[in-house]
Protein chains: 2
Amino acid sequence: MPNGAQALMKTLVDAGIEVCFTNPGTSEMHFVAALDSEPKMRAVLALFEGVATGAADGYARMADKPAATLLHLGCGLGNGLANLHNARKGKVPVVNIVGDHATYHVKYDAQLQSDIETVARNVSPGFVRTSQSTEALCQDAVEAIVTAKGLPGQVATLILPADVSWGEGGVPCAMPQQAPAQVADDSAVAAVVSAIQSGKKTAILLGGHGLREPSLQAAGRIAAHSKVKLFGECFPTRIERGAGLPPVERIAYLAELAGVQLADIEHLILVDCKAPVSFFAYPGKQSYLVPDGCTVHTLSTPEQDAAASLEKLAAALGASNAQPELQPAQRPGAPRGRLTAPKVCKAVGHYLPEDAIIVDEAITSGLMLNALTAGSPRHDMITLTGGAIGQGLPNAIGAAIACPERPVVALIGDGTAMYTNQALWTMAREQLNVTSIIFNNQSYSVLNIELERVGAEEVGPKAKSQLDLNGPVLNFAQLAQGMGVHGVRVSTAEEFNKALEYALSHPGPHLIEAMVPESMNGVKRKVLPWVLRSLPSLPLSLTRALKKKIAP
Amino acid sequence: MPNGAQALMKTLVDAGIEVCFTNPGTSEMHFVAALDSEPKMRAVLALFEGVATGAADGYARMADKPAATLLHLGCGLGNGLANLHNARKGKVPVVNIVGDHATYHVKYDAQLQSDIETVARNVSPGFVRTSQSTEALCQDAVEAIVTAKGLPGQVATLILPADVSWGEGGVPCAMPQQAPAQVADDSAVAAVVSAIQSGKKTAILLGGHGLREPSLQAAGRIAAHSKVKLFGECFPTRIERGAGLPPVERIAYLAELAGVQLADIEHLILVDCKAPVSFFAYPGKQSYLVPDGCTVHTLSTPEQDAAASLEKLAAALGASNAQPELQPAQRPGAPRGRLTAPKVCKAVGHYLPEDAIIVDEAITSGLMLNALTAGSPRHDMITLTGGAIGQGLPNAIGAAIACPERPVVALIGDGTAMYTNQALWTMAREQLNVTSIIFNNQSYSVLNIELERVGAEEVGPKAKSQLDLNGPVLNFAQLAQGMGVHGVRVSTAEEFNKALEYALSHPGPHLIEAMVPESMNGVKRKVLPWVLRSLPSLPLSLTRALKKKIAP
C-alpha cells in the first residue's frame, strides 16, 4: 500500500496534473521522494517560491489545466503569494500543495510554525484544507482539483502535514465527472438583444475566456452584424490575437484614457468580466469608469461558458453567419538607430514568429507593444492580471513548459524583472525556449508618472531617489549569465534586431537587455500628459490619435 | 497643516524611527513625497519586499529599536512575509507601513485589492490596524510603535489607505512613556534557587535578551558560583560572544545532538525562551527535547527583563561577586589548500576584525563556524530565528545601517542566497560595509540530509534532482557584479584568505563566492550520521567529541 505522498502523486497524475513547480523543504521530503513513483509527473525546481507559483499560473493559462506547486510551510506560501494573487485575479487554476509540520508537532510552535490556512485563504477563498489523515488525503486532493478546475478557475490550497504524507495507507482517488458549464440564460440574452437593437451606442466588453478564439469569432460576427463595438478587458489572462483573428480594443490602464474610450457608450455588455474600474484611486478622480447614463448588462458571468453564450447571442440576433472583421497581416519595419522602448516593441512586431506566446510585463516600456504587434502572426498574449509585479519571467517558464513547441517572448521592465529574477535559472536548467527582453531604463518609470498623477507633484531628492534604479545600474546580461542564461546587452536598434533574430533561431533561453531611455524622457509632459502616461494596453484607435498629436 | 503622510513621518521620527526600508508603489506615493519633509528620516530602497523586511529585522537586532518598512498593498506584504516571520520568531520590533487603496476604492475590487489585514495578522498578532482617517493616523501609528517596542518586541502593521495618506489635517503625535520592564518575581527566583541548590544537575537555557552581555555576565557569575551549566537557544536573535565574554553552549539544531546535550539535565531553567523542541518532526522521534524526569523552571519570560532577573537570581544565590569564566582569546590559523566549508569558517575565525557582526545563514556549510570563531575578537552574531531562508543578506543590510562603523560578515548558503539576492543591489547603492561569503556547494545540502532523516532513503533521480543546484551552476560573483557589488569566485583557501583580507580592508560591499564541495561529500554517512548531520550551532563540547571521532 502506498504512503500518503505516493497515493497523492497518483491522484494528481490521474487527474491530469502532470507538472509540479517545486521549492521544497524538509516537511516535503516524502512528496519529493514520491516523484519517482510516477513517471508522468514532471517536477520543475524553482529557486524561489514566487517563481514556482508564477510558473504554475503561466502553465495553466496556456495548458488550460492546472499544474501543482510544492511549497514549504507558511513562509514558502508567503513567498509565493504575489503570483498566486495574480492567478486568482486572472481566474487561473492552480493546485498548491503546501507542506506542514507533522500534526502532532504543531503544538510545539517550532521555528517555522505559522498559520498557513489564514495566509492561504487570501488567494484560495474557495478551497483551503489541512488534510487530517493519510486515508483522507487523496479525497481532499480531488476536492481541491475540482475546485481549481471549475469555472471560473481558482487557486486551491491543500495543506499536507508531514505525517499525513509519510503515513502508510494512502488511497488514490479518481476525479468525478465535472458538470458542463452553463450558458447565458434566455432572459439575459433577451435583454442584451434588446439593448443592441435599441439603436443606442452599444459595446461588448470581453474578459476571461471571452478573449479566446471561439468567443472572439462569435463576438466578431455580432459586431459585424449589429455594429457593436468590441472592447477587451485591460489585463487579460490570455488573449488570442494577431493576423486573421477578430481584433478588440483593450480598455486602457489609465482612467483618463479609459474615460475617452467609454465616453459615448450607452449600453455596456459584459462577458466573463466585471465593469471597468480604475487600477488605483486618485484624488478627485472617479474609480468607477462606466459613464453616467450607461446601462450595464451581463451576458455571461465567469461561472458560465463565454463562447457558447456569445454564440447564443449571435443566433438570437441572426448574426450566426455574419463575417467578422479580421485583423489583416501587417508588420512594422525593423527599427533603426538609437534604441528606445517603442523601437523594441517595433522589432518584436517585425520579427515575431508564427504561434508565439508574448508575456507582457513591460509596464511603461510596453506603451506601443499592442499597436506594433496587432498585425503580426497569430499569437497569444499573457498580461499582469493582478498587478503584483514579478509575474512575467515565471509566467514565461510555465508557458514554455505547457507549449514546448511554441516560442515564448517575455517583455519585462527592469524593476519588475528583479522581483523574480531567479526564474532565469529554471529557464536554463529546463532549457526552455524563452527570449526574455528586459527594458533597462534605470527607473521605476511608472512611479514617476504615478507620483504626479496622485497629485504629489512637488517632490524632493529623497522621494525622487526612491524611483530611480541607477547607482548602481543593474546589468541584466551579467545576471543572466550568472544563472546560466545566454545574455546580451544592446543599445542600438540594429544590435537589438540581431540579438532578437539570434535568440529566436537558437533553442533554449536567451536574455536581451535593451538599454533604453526612461520612457517619459523628452516628452512634453504638460502638453499630452494624460495620453503619454498610458500603460501596456494602448488601444489602436488611441494610438492613431496619439501619433497624429505627437507628429511634429 | 500637514497631510497624513507628513504628519506620520514626523510621528515616526519623533518616536526614534529614523530608517525606513522601502519598496513603494502608487498607493504609497504621498508617503514617498513626505520623505523630504523630515531630514532625520533615511529611506533605503530595496528591489524586493523580502529585502526591505529582512533589513528592518537586522536593523532592529543591532539598533535595539525598530525601523519602518514601506510596502505596497497585500502583495507587497506577502513578498515580505517570510522575513517578517523571522522577525516575529526572534521577537524583533518592526513597524510595517503597508499602503492600501483609498478607502472608497476598496469596494471596486480592483486588480491589487486583497485582504491585507488577514495576511498581516500572521506576523503581527499584536497589532494590525487599517487607519480610518487622517486625523486618527498618527495616534494609530503611536499605538503600533508602542506595540512593536514593547517587551517582547513585535512586528506591528499599520495599513495606510491612500486617501488617509493624502488627506489634509494630519496631527503628529508623541509617544507615551513606556513602563519599565518587570523583573522575575520572588517566587520564581526562589524556585530556581531551590533547584540550583538541590544538588541535582542544573542548566540555564538563555534566549532572547539573555544572550546579550549584561545577561551573559550575570549568568556567568551564577554558573561559576553554583556550577550550573549555561546553554544558549539554538537560533539566537543576537548573541554577544567572542574573547572576553562568558561563553555558552548553543543547543544543536538536530534533535539527535540536542538529546545528547540535555541528556543528564535534571533541572532546566528558562530565561527569555521556551523549552527546546525539534525544528521539524521526524518519524519515530521526539518533538519535545527536554528529557523525561527533567523539571523545567521559568526564571523570566520574554515579557520580563532578562538581565535584571539574572542579577536578582545571582544576588539570591550570593553569586553577585563571583568571577565568570570568560572565553580566552584564541584564533585558528589561516587555512591552506583546497577550499572546504570548514576552511572558510576557519578563515573567518582567523581574520575576524574587532567588533564585527556575523550574520549566519550558512546552513550546513556553517557546521564549524561557532567553534572556529569562539575565541575571535568580541562580536555579535545574528541567526535564522524563524527558519525562513533568505534572511541573511537582508539582515546584513540592516545591521550595517544600524552600525555603520562595524564590519558585517554574512555567511550564506547558495540556496538561501538566491531567495533575496536583490539585497546585493541595496548594499551597493548604500555602499555598506558588508562582506557576503556565499558557500557555493551546488546543492540544497541540508535537504540531502533531511531526505534521509525523515526516512525517505530510497530515492530516485527525480527526487535527487530536486536537491541539486547544478545544471547550471550559479555564478554568484557574476550576480554580484550585475548588481554593482565587487565579487570574486575562489576555490583555494589561499585565494579565499586573500579575498577576505581585501574585503575587510576596503570599504563598501564585497562578495566572495567560495566554491566548496557539498558538505556531506566524502563523509562516512553510516558511521557518524547523527553527528555529521549537524547544523550551524554545533556546540564546542560536541565539536571536540566530533573531532576525536573523525580523526583518523
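The values are calculated or read from the model by the stated rules, or taken from the named source; none is laboratory data. Worth saying up front: this structure is predicted, and the values here are computed from it rather than measured. Methodologically, a virtual Cβ is constructed for each residue, glycine included, from the backbone with ideal geometry; neighbour enumeration extends over all protein chains shown. Quick note on the areas: whole protein, heavy atoms, side chains included, nothing else; ligands and nucleic acids left out. Shrake-Rupley method; radii C 1.70, N 1.55, O 1.52, S 1.80 Å.
List of remarks:
- Minimum 20 Å² accessible area buried by the other protein chains, the stretch B:72-94 residues, probe 1.4 Å, relative to alone: B:Cys75, B:Gly78, B:Asn79, B:Leu81, B:Ala82, B:His85, B:Lys89
- Net length gained if the chain between A:Gln323 and A:Glu18 were fully extended (0.36 nm per residue, minus Cα distance): 105.8 nm
- Computed from protein heavy atoms with a 1.4 Å probe, the total accessible area buried between B and A is close to 8100 Å².
- In terms of Cα atoms, the Rg and Dmax of the stretch A:103-185 work out to 15.3, 54 Å.
- Restricting the trypsin sites (Lys or Arg not before Pro) of the stretch A:1-63 to loop positions (DSSP other than H, G, I, E, B) with no more than 15 neighbouring Cβ atoms within 10 Å leaves A:Lys40.
- Apportionment of accessible area to carbon and sulfur, chain A, percent (1.4 Å): 52
- Burial here means at least 40 square angstrom less accessible surface with every protein chain in place than with the chain by itself, probed at 1.4 Å; in the stretch B:1-49 the buried residues are B:Thr26, B:Met29, B:His30, B:Val32, B:Ala33, B:Asp36, B:Leu45, B:Leu47, B:Phe48.
- Residue pairs exceeding 27 angstrom between C-alpha atoms, taken from A:Lys89/A:Lys343; A:Lys89/B:Lys149; A:Lys229/A:Lys343; B:Lys89/B:Lys227; B:Lys227/B:Lys274; A:Lys107/B:Lys285: A:Lys89/A:Lys343; A:Lys89/B:Lys149; A:Lys229/A:Lys343; B:Lys89/B:Lys227.
- Taking θ as phi - 60° and the Karplus parameters 6.51, -1.76 and 1.60, the scalar couplings of the stretch B:250-267 work out to 7, 4, 6, 4, 7, 3, 4, 6, 4, x, 5, 4, 9, 3, 9, 6, 9, 10 Hz in sequence order, x denoting glycine and proline.
- In chain B, the inverse of the mean reciprocal separation of distinct Cα atoms equals 24.3 Å; this is its Kirkwood hydrodynamic radius.
- Residues along the stretch A:109-124 losing 40 Å² or more of accessible surface when the other protein chains are present rather than the chain by itself (probe 1.4 Å): A:Gln111, A:Leu112, A:Thr118, A:Val119, A:Asn122
- Cα lying deepest toward the dipole's positive end in chain A, options A:Gly318, A:Val106, A:Tyr419, charges on Cβ: A:Gly318
- Beta bridges by DSSP in the protein assembly as shown, antiparallel share as percent, to the nearest 5: 10
- Each label was represented as a point 7 Å from its Cα along the Cα-to-Cβ direction; for B:Ser198 and A:Gln139 these points are 4.8 nm apart.
- Taking amide H as placed 1.01 Å from N in the peptide plane, A:Thr69 has its amide H under 5 Å from the amide H of A:Phe21, A:Val95, A:Asn96, A:Ile97, each at least 5 places away in sequence or on another chain.
- Whole-Hz Karplus values for the stretch A:103-119 come out as 3, 7, 8, 4, 5, 7, 6, 5, 3, 8, 5, 7, 8, 5, 4, 4, 5 Hz, taken residue by residue from phi with 6.51 cos²θ - 1.76 cosθ + 1.60 and θ = phi - 60°; glycine and proline positions read x.
- Positive end of the dipole of the protein assembly as shown (Cβ unit charges, origin at the Cα centre): among A:Val228, B:Leu500, A:Pro328, the Cα lying farthest that way belongs to B:Leu500.
- For the stretch A:123-266, the Kirkwood hydrodynamic radius from C-alpha pairs, put into Stokes-Einstein at 37 °C and a viscosity of 0.692 mPa s, yields a diffusion coefficient of 174 µm² per second.
- Label positions at B:Tyr104 and B:Arg42, each projected 7 Å from the Cα along the C-beta direction, are separated by 4.0 nm.
- Restricting the stretch A:208-317 to trypsin sites (Lys or Arg not before Pro) that sit in a DSSP loop and have at most 11 other Cβ atoms within 10 Å of their own Cβ leaves A:Lys227.
- Each Lys and Arg Cβ is given +1 and each Asp and Glu Cβ -1; about its Cα centre, chain A then shows a dipole of about 2160 debye.
- Note on A:Lys201: aspartates and glutamates with a C-alpha under 15 Å away, same-chain residues under 8 apart excluded, are A:Asp264, A:Glu266, A:Asp292.
- The stretch B:257-338: relative contact order in percent, alpha carbon pairs under 8 Å with at least 6 residues between: 28
- Residues in the stretch B:1-16 reached by a label modelled at B:Ala174 [backbone nitrogen below 18 Å; 7 Å Cα→Cβ]: B:7-16
- Antiparallel bridge percentage (DSSP; both residues within chain B; nearest 5): 10
- Shape analysis of the protein assembly as shown based on the Cα gyration tensor places the equivalent ellipsoid semi-axes at 51, 31, 28 Å, largest first.
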